[in-house]
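Every number here is computed from the coordinates shown, using simple stated rules; none is lab data. Note that the coordinates shown come from a computational prediction; the quantities given were computed from them, not determined experimentally. FYI the Cβ positions are ideal-geometry reconstructions off the backbone, even for glycines, and counts take in every protein chain you see.
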Amino acid sequence: MIRKFKVKGLRSPSLLIDMILSDTKEGILIVETDGEEQIKDIENLLKKYNLKYEVDGNIVKIYVGEIKADKTINVVGATCPGPIMMVSDMLSKMKNGEILEIICGKNALTDLTEGLKGMGNEILKVEDRGDGTYRILVKKGEKKEKEEKAITKIDELFIINTTGTGNAEKAYATFMLADVALKMNLKPTIFLMMDGASLGLKGECDKVKHPAFPKLGDLVRDILKKGVKIYVCELSAEFRGINESNLEEGFEIAGAPTFLNYLSKPNVRPVWL
């Protein structure tokens, strides 16, 4: 059971949530708040009851008991684009509002969460099972087409590098553009594909040094500390022998669903290097 409600304007939202929790045996409570103060009040209550929860912006998701899925699919071991195709096929046979449990490897985690959200589904929960696999609970939905086309403000930059260490100038530009974007209040995301995937090999960026700039590896680590996501194309990585064991720390392996989801966002400007 999934229940959604708002607590905006309440001085002590935890009082209302406490009453709702007393009548809830299992399911998910999705609470829309005013912001930080209300979230802290709710968190204190949830810690008291030792309940699992997630905060996403002004939304608090509270997990009560065990959430029962209508169907389950295991895509561990499948490589891009296998996982998203298998899951999409399963969802196509389900009704809107039903819950699908997905067991996947780390290689497919980002693709599934990003891809499924882009298709109009709702990610209810992502759980690390502690054995290298993950459990995703997704509620089937449908992508709603906007009736009117509005002018969309560009507030994200999707930087795609296809040349890697073979072109040091473009390699530097990839991470320097991300830094400039942050200073301009734009949210940058980096995607390394084709030869660009070579930048994802552990230690590879430390081999690149321009006389006028810091070592490329230092720029990369600085960007990661600032919260920039860096994805490496799964197929490109596989072609070059790159996997979780030799992937640069802080980088993530992703595939076509993640790539296409970013390109399809109206507020995102792609930059190819």
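Placing a pseudo-label 7 Å from each Cα along the Cα-to-Cβ vector at K215 and K4 gives an inter-label distance of 4.9 nm. Reducing the range 84-112 and the range 153-195 to their Cα centroids gives an inter-centroid distance of 30 Å.
The stretch between I154 and V76 holds 24.5 nm of extra length on full extension. This uses 0.36 nm per residue minus the Cα-Cα distance.
Counting only DSSP H runs of at least 4 residues, each contributing -39500 (n - 2.57), and dividing by the residue count of the chain, the helix-based mean residue ellipticity at 222 nm comes to -10000 deg cm²/dmol.
Rounded to the nearest 0.05, the FRET efficiency derived from the C-beta distance between L263 and N243 at R0 = 30 Å is 0.75. Give, as ranges by residue number, the residues of the range 89-112 whose backbone N falls under 11 Å from the point 7 Å along Cα→Cβ of K68. Flagged as within label range: none. Short-range pairs are left out: with C-alpha atoms under 8 Å and at least six residues apart, the relative contact order of the range 29-173 is 17 percent. Projecting the Cα atoms of N121, I99, A212 onto the charge dipole of the range 99-237 (Cβ charges, centred on the Cα centre) puts A212 farthest toward the positive pole.
Running a GNM on the chain with Cα contacts under 10 Å, which residue among V232, V60, V138 ends up with the highest mean-square fluctuation? Residue with maximal mean-square fluctuation among V232, V60, V138: V60. Dividing the Cα radius of gyration of the range 134-273 by 2.2 N^0.38 Å, with N the residue count, gives 1.12. Under a 10 Å cutoff between Cα atoms, tell me which one of T72, T33, T110 has the largest fluctuation in the Gaussian network model of the chain. Ranking T72, T33, T110 by mean-square fluctuation puts T33 first. For the set K93/K125; K4/K187; K52/K117; K25/K95; K40/K125; K117/K265, the pairs lying more than 19 angstrom apart at their alpha carbons are K93/K125; K4/K187; K52/K117; K25/K95; K40/K125.
Listed options for Cα extents along the principal axes in Å are (i) 85, 43, 36; (ii) 58, 43, 40; (iii) 65, 43, 41. The value calculated from this structure is the one marked (iii).
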